[in-house]
Amino acid sequence: MKAAVMYQKGELPQYTDFQEPTIQNNEVLVTVKAVAIKHFDKGKATGKHYSSDAPREGGRVIGGDGVCLMDDGTRVYGIGVSGMLAEKALVEKDRIVKLPAGVSDVAAVALANAIIGSAMGLKFKADIQPGDVVLINGATGFTGRVAVQIAMHYGAKKVIATGRNQQSLEDLLELGADEIISVKQGDESFIAQIKAIHAATPIDVIIDYLWGHTAEMILTGLTGKGSFTNKTRFVSVGSMSGDIIQLSAANLRSVDLQLTGSGLGSWSKLQVAELFSEILPEMFQLAADGKLKVETIEVKLENIAELWDLEVPDGRRLVVTI
């Protein structure tokens with residue numbers, strides 16, 4: 001079969017022939033139709049993500065999830081046991097979701113990781129409730145745009161979006177965000193804007209895709225003065241602006257703050273089971289009904305090496321079709 005194979009960490013993947021995977025217990029062989037290329041996939045391939053595998057002798061197929069066809073023609077989304085950027089792949093039988101007719105292969109596979117990167121944090125880590133005020137830090141990225149829409153679906157009273165690209169920020173207003181904050185402004189101005197919003201409509205939930213200095217500024221903006229404060233659930237999902245922050249102890253003591261993360265290793269088995277049984281099916285149906293919108297760039301598997309480092313505009317996802 002043809003596949004995108006990585007031989008050494010840091011190298012470009014190669015479009016080449018590779019041995020078809022062998023079925024083990026609780027696995028099924030599927031025909032792959034579309035795979036999204038995400039920061040997570042690139043991080044695992046280059047060894048920069050905390051869940052990265054060691055290099056394998058003879059190379060390994062990359063790509064973690066995809067839209068596939070079962071033997072009977074049923075179209076599903078699945079998370080791979082073997083690499084997914086290939087004509088054939090193995091998926092676990094309990095890690096697949098049947099897709100509704102109204103959502104395309106490309107839209108479904110683009111959405112899946114963003115759903116995992118937003119709904120899991122909102123639902124299980126932030127315990128979002130109807131009427132909550134939600135701030136999405138780094139909302140102009142693909143997952144951030146999806147998070148804005150899912151927060152609204154979960155009943156957020158107000159959604160605040162931060163980001164660098166002004167046009168992308170303004171696009172978020174059309175997707176339902178109520179207020180936007182540019183991270184390109186000066187630190188004092190940014191913190192003042194956070195403080196003003198928090199004073200007017202206390203922020204209940206923060207979903208953070210940036211971490212780094214922007215997270216420091218947001219936490220500074222929440223700092224209390226010794227009086228009663230609104231409980232804020234801060235959930236770290238990504239670290240596009242840096243992996244380390246400085247956090248004042250006074251910041252923690254002066255605010256009713258819950259600081260947690262959402263990612264591989266942070267969810268329970270029951271939560272992951274609910275992801276496949278309820279969350280993904282619900283969100284795929286929203287997309288099929290036109291209520292969850294995404295933008296993608298579609299490329300072919302045979303061009304993987306030259307497109308691996310393609311600069312993708314804010315708010316879009318690169319999807320490889322097979």
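Take the conditions (1) assigned to a strand (DSSP E or B); (2) at pLDDT below 95; Val159 misses just one of them, which is (2). If only residues of the stretch 67-84 that are in contact with a Phe, Trp or Tyr (Cβ under 9 Å, 6 or more places away or on another chain) and open to solvent by less than 20 Å² (accessible area, probe 1.4 Å) are counted, the one that is farthest from Ile297 (Cα to Cα) is Gly83. Residues in the stretch 87-96 that are within 22 Å of the chain's Cα centre (by Cα) and crowded, with 22+ Cβ neighbours inside 10 Å: Val91 only.
Residues that are closer than 12 Å to Val35 by Cα and either without any contact (Cβ under 8 Å) to a residue 60 or more places away in the chain or of a type in the set (Asp, Glu) (or both) within the stretch 79-128 comprise Ile79, Gly80, Met84, Glu87, Asp105, listed in sequence order. Can you pull out every residue in the stretch 205-230 that is assigned to a loop (DSSP other than H, G, I, E, B) and either of a type in the set (A, V, I, L, M, F, W, C) or open to solvent by 30 Å² or more (accessible area, probe 1.4 Å) (or both)? Within the stretch 205-230, Leu210, Trp211, Thr223, Lys225, Gly226, Ser227, Phe228, Thr229, Asn230 meet the criteria. Only residues that are among the charged types (D, E, K, R) and not in a strand (DSSP E or B) were counted across the stretch 96-108, and they come to 1.
The set of residues from the stretch 140-188 being open to solvent by less than 70 Å² (accessible area, probe 1.4 Å), in contact (Cβ under 8 Å) with a residue 12 or more places away in the chain and polar (S, T, N, Q) comprises Thr140, Thr143, Gln149, Thr162, Asn165, Ser168, Ser182. Among the residues of the stretch 80-95, is any in a helix (DSSP H, G or I) and either modelled with pLDDT of 95 or more or of a type outside the set (D, E, K, R) (or both)? Scanning the stretch 80-95, I find no residue that is in a helix (DSSP H, G or I) and either modelled with pLDDT of 95 or more or of a type outside the set (D, E, K, R) (or both), so the answer is no. Check the stretch 273-291 and report whether any residue there is hydroxyl-bearing (Ser, Thr, Tyr) and open to solvent by less than 60 Å² (accessible area, probe 1.4 Å). No, that holds for no residue.
Residues in the stretch 231-254 that are free of Cβ contacts under 8 Å to residues at least 40 places away in the same chain, under 26 Å from Lys184 (Cα atoms), hydrophobic (A, V, I, L, M, F, W, C) and open to solvent by less than 60 Å² (accessible area, probe 1.4 Å): Phe234, Ile245. Pairs are defined by a Cβ separation below 6 Å, a sequence spacing of at least 6 or placement on different chains, a first member in the stretch 10-39 that is within 25 Å of Arg316 (Cβ to Cβ) and in contact (Cβ under 8 Å) with a residue 24 or more places away in the chain, and a second member that is in a strand (DSSP E or B) and among the charged types (D, E, K, R); the pairs so defined are Ala36/Arg317.
No other residue among Leu135, Leu111 is open to solvent by less than 10 Å² (accessible area, probe 1.4 Å) and part of a helix (DSSP H, G or I) apart from Leu111.
Within the stretch 10-27, restricting attention to residues that are among the charged types (D, E, K, R) and open to solvent by 80 Å² or more (accessible area, probe 1.4 Å), the residue that is modelled with the lowest pLDDT is Glu11.
The values are calculated or read from the model by the stated rules, or taken from the named source; none is laboratory data. As the structure is a computational prediction, the values presented were derived from the model and not from experiment. When we count neighbours, we look across all protein chains shown, and the Cβ atoms used for this are built from the backbone with ideal geometry, even at glycine. Note: accessible area is taken over every heavy atom of the protein model, side chains too, but ligands, DNA and RNA are not part of it. Shrake-Rupley method; radii C 1.70, N 1.55, O 1.52, S 1.80 Å.
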